[in-house]
Amino acid sequence: WQRQRQRQSRPAAIVNTMSSIALLLLPLPLFISRVSLFPAFSIAATNPLISAMALSHFRSTSSSFIHRSHHHHHVRSYTSLIGRSSSTRSVGESERKSPLLLCNHRNNYSSIAQLRTQRFQRRSFSSAPLLFSSTIRNVNGDIDASQKSSHNKRDMSDSRSSSSGQPSAQGEEGDHEWSNYERLVRKLYMTNLFNPVKLGLENMDRLHKLLGSPMDQSNISIVHIAGSNGKGSVALKTANTLHLSGYKVGLFVSPHISSFRERIQIDGVPISESQVENYLQEIFDICDKEDIPATFFEITTALAFRVFAKEGVGVVVLETGLGGRLDATNVVKRPALSIITSIGLEHTRILGDTIEKIALEKGGIIKEGCSVLVGKNVPLEVLQQCANEKKASELYQCEDLLGPEDPVMIKGMKETFEDYDVENSKIASAALILLQFHLTQQKIENDDGQVKLISHDDIAEGVKIRPPCRFEEMDILTTITDDDGTSKKQKYVRVVLDVAHNPQAMDYLIDKLRSNFPNATSTNQRIVVGMSADKDLKYCTDILLDHVSHCADKLHLVEASHPRAASISSILEANPELVKSHYNSPRNEDDLNEHGRDISSVSEQVRSALELAAANDELLVICGSVFIMADAREELGIVEPRDSEVIAEVAGAGLRSSQENFGDGGKKQ
């Protein structure tokens, strides 16, 4: 920096000094505006001199922060969106040692100016796919991959906001005006940049009361679910069965795969963009007016509560985000049922360093006078004591309601263990039996005046569902060309999607594959994998290499566009044996996003793997980080709601993995 200044003329040096001072002044309004970026923008706009100098400085110095990886020649700009730190992006060893990373934190100041100017100048983005009736489905039917392209685009102009204050921009290939939905969800994702995450219920208590305490209404029955693993699956199975039985059901889960709206569902369908626009703006206004520094998860939870109450749901199924006692969902006063699925060592710095301590945190959702159901993998004595102290009505185990059953076992290479989906289905089935007593007392009637009952057939059918990308199986119709290139034919390929992203989950995935597909040898399986940067890349990829007998050409490496995703270069650096696998060649700068990621990596490798699997009669497995799944599902032809790149580019801003359940360390899916 000093050498650069010395080479400049004296007038230029003076301008640069003034620009630096201007950049230091820019963040000051952010300390005043605690929830939203936009008040800060309006304050900055009152001083055009500061804004102009900041933009000039950003443009003149941006080239100083370009670093090319010697592995794949990706060009990284460290002057992209605000809040990007060296700890949140994947870098190789040479990049970690680079002094250029030291510029990153200082460059956040110029990023504010850049973010503000994006209202007037930005690249064009691809539109989101067409909506379909239900975002979560266990696909065992047929999907024609060759017909997906005509369904996966929608006209963004349909959801444009008419507000004159709407951020707008001109892209390189045309104009793109943000919809009100995009603006609000972008703002939500960036909330944690300015409101530090702090476990506690103070913010949520205030926000819940100001919304009218919607979850305290007597006409809403609440099922509250916590646990180290399995809570998302149990929540989905419970909600699905209640819907089949005729109840109007709200479901709140996290994280999502393709669209933010997956987190909040009514009768299995994600809420609409217009519902997000109506209710999210209301919550932002309350936070601004009452000076509530609510975080991403707190605002999202409040949004779910508001939507469920306004839409008149009869039963709400809530999955906790992290822990239980201090989780944002724990403002509910009297749930119909509290469920604790399992207890394992996870997030020990937050929840405690022993199983017993973590159990007490999860047991915080137990309430006076309410029934409690626990899975088999919990410290029963600890939770029984917790239930007694809180004066819960009764604590049940699955055997108390279902009777003793022989577990369904998976014989793995290293151990024999129970199929976790079977265990999750048992917990959901037992929960529904308990709920039947409560809901009968509510005397909720069908249209014909009969009290709604949850039948055994409904339970058996409802618990079959699995969350998307949790050993999700489907058959994909794929077109392949003969070797001579003259004729084409179509074949079905069995595909398994699973978000196994750590060594324990990888081991479980491999054992589950061996159990479900005993005739699929290592030579007739093909794997597409992409990882998060904070995972053990060497250990995870070694597990996959062992599974395919170290035939690296059976593996396809991909990198997601998300800043927390591992790059191809970092995966190859961690495990050089993978150099013989399939992955995209180094790209030009124009083919990369602002995080230096190859935006076509996932789609191209999934397409290639699908064609090879069809040609060789192979099982195709797509696994790893949740970040790759949206692109993979779109390439497979799954038509579902998907947020645009305008939202995706800031998804996860200011969020650590633990706040989004991306870092769960257990095996259970």
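One table, with the values for the structure above:
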| quantity | calculated |
| --- | --- |
| Sole residue being surrounded by fewer than 20 Cβ atoms within 10 Å (Cβ to Cβ), among the small types (Gly, Ala, Ser) and at pLDDT below 90, chosen from Ser561, Ser532, Ser549, Ser522 | Ser522 |
| Candidates Asp534, Asp553 - the one that is over 23 Å from Ile257 (Cα atoms) and of a type in the set (Asp, Glu) | Asp553 |
| From Glu262, Glu282, Glu277, residue being of a type in the set (Asp, Glu), farther than 30 Å from Leu435 by Cα and under 21 Å from the mean Cα position of the chain (by Cα) | Glu277 |
| Residue identified as free of Cβ contacts under 8 Å to residues at least 24 places away in the same chain and not acidic (Asp, Glu) among Lys289, Lys248, Lys310 | Lys289 |
| Selection from the stretch 284-326 of residues that are within 19 Å of Lys367 (Cβ to Cβ) and not hydrophobic (A, V, I, L, M, F, W, C) | Thr301, Glu319, Thr320, Gly321, Gly323, Gly324, Arg325 |
| Test set (1) within 30 Å of Ile622 (Cα to Cα); (2) of a type in the set (Asp, Glu); (3) more than 19 Å from the chain's Cα centre (by Cα) - Asp288 fails condition number | (1) |
| Cβ-Cβ under 9 Å pairs, at least 6 apart or on other chains, the stretch 623-640 side of a type in the set (Ser, Thr, Tyr), far side surrounded by fewer than 24 Cβ atoms within 10 Å (Cβ to Cβ) and outside any loop (DSSP other than H, G, I, E, B) | Ser625/Ser532 |
| Among residues of the stretch 343-387, those that are in contact with a Lys or Arg (Cβ under 6 Å, 6 or more places away or on another chain), of a type in the set (Val, Ile, Thr) and surrounded by fewer than 19 Cβ atoms within 10 Å (Cβ to Cβ), counted | 0 |
| Of all residues making up the stretch 439-481, the number that are of a type outside the set (Ser, Thr, Tyr) and open to solvent by 50 Å² or more (accessible area, probe 1.4 Å) | 16 |
| Sole exception among (1) assigned to a helix (DSSP H, G or I); (2) under 22 Å from the mean Cα position of the chain (by Cα) for Ala387, by number | (2) |
| Selection within the stretch 259-273 - open to solvent by 10 Å² or more (accessible area, probe 1.4 Å) and not in a helix (DSSP H, G or I) | Ile266, Asp267, Gly268, Val269, Pro270, Ser272 |
| The stretch 320-340: number of residues that are open to solvent by 10 Å² or more (accessible area, probe 1.4 Å) and over 18 Å from Asn219 (Cβ atoms) | 4 |
| All positions within the stretch 237-259 that are of a type in the set (Phe, Trp, Tyr) and modelled with pLDDT under 95 | Tyr247 |
| Among the residues listed as Lys426, Lys390, the single one being modelled with pLDDT of 90 or more and closer than 18 Å to Thr238 by Cβ | Lys426 |
| Selection within the stretch 274-313 - in a helix (DSSP H, G or I), farther than 16 Å from His208 by Cβ and either among the small types (Gly, Ala, Ser) or open to solvent by less than 30 Å² (accessible area, probe 1.4 Å) (or both) | Ser274, Val276, Phe296 |
| Filter result (closer than 21 Å to Gly321 by Cβ, β-branched (Val, Ile, Thr) and in contact with a Leu (Cβ under 8 Å, 6 or more places away or on another chain)) within the stretch 233-287 | Thr238, Val249, Val253, Ile264, Ile266, Val276, Ile283, Ile286 |
| Output for the stretch 604-642, where each listed residue is open to solvent by 20 Å² or more (accessible area, probe 1.4 Å) and either among the charged types (D, E, K, R) or under 19 Å from the mean Cα position of the chain (by Cα) (or both) | Glu604, Arg607, Glu611, Asp617, Val626, Phe627, Asp631, Glu634, Glu635, Val639, Arg642 |
| Residues of the stretch 482-503 that turn out to be modelled with pLDDT under 90 and buried (at least 16 other Cβ atoms within 10 Å of the Cβ), as a count | 4 |
| Breaking point among (1) of a type outside the set (S, T, N, Q); (2) modelled with pLDDT of 90 or more; (3) not in a loop (DSSP other than H, G, I, E, B), for Ile454 | (3) |
| Subset of the stretch 486-527 (residues that are of a type in the set (D, E, K, R) and part of a helix (DSSP H, G or I)) | Asp507, Asp511, Lys512, Arg514 |
| Extreme residue, modelled with the lowest pLDDT, among residues of the stretch 183-201 that are part of a helix (DSSP H, G or I) and open to solvent by 10 Å² or more (accessible area, probe 1.4 Å) | Leu193 |
| Filter result (closer than 14 Å to Ala430 by Cα and either surrounded by fewer than 19 Cβ atoms within 10 Å (Cβ to Cβ) or touching a residue at least 40 places away in the same chain (Cβ under 8 Å) (or both)) within the stretch 397-408 | Gln397, Glu399, Asp400, Leu401, Leu402, Gly403, Pro404, Glu405 |
| When residues of the stretch 202-234 are limited to those that are assigned to a helix (DSSP H, G or I) and without any contact (Cβ under 8 Å) to a residue 24 or more places away in the chain, the one nearest to Ser342 (Cα to Cα) | Glu202 |
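Residue-wise test of (1) modelled with pLDDT of 95 or more; (2) in a loop (DSSP other than H, G, I, E, B).
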| residue | (1), (2) |
| --- | --- |
| Val317 | yes, no |
| Arg325 | no, yes |
| Thr329 | yes, no |
| Glu361 | no, no |
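The values are calculated or read from the model by the stated rules, or taken from the named source; none is laboratory data. On a predicted model such as this, the values are computed, not experimentally measured, just so you know. Positions of Cβ are backbone-derived with ideal geometry, glycine not excepted, and every protein chain shown enters the neighbour counts. Only protein heavy atoms, including side chains, enter the accessible area calculation; ligands, DNA and RNA are left aside. Shrake-Rupley method; radii C 1.70, N 1.55, O 1.52, S 1.80 Å.
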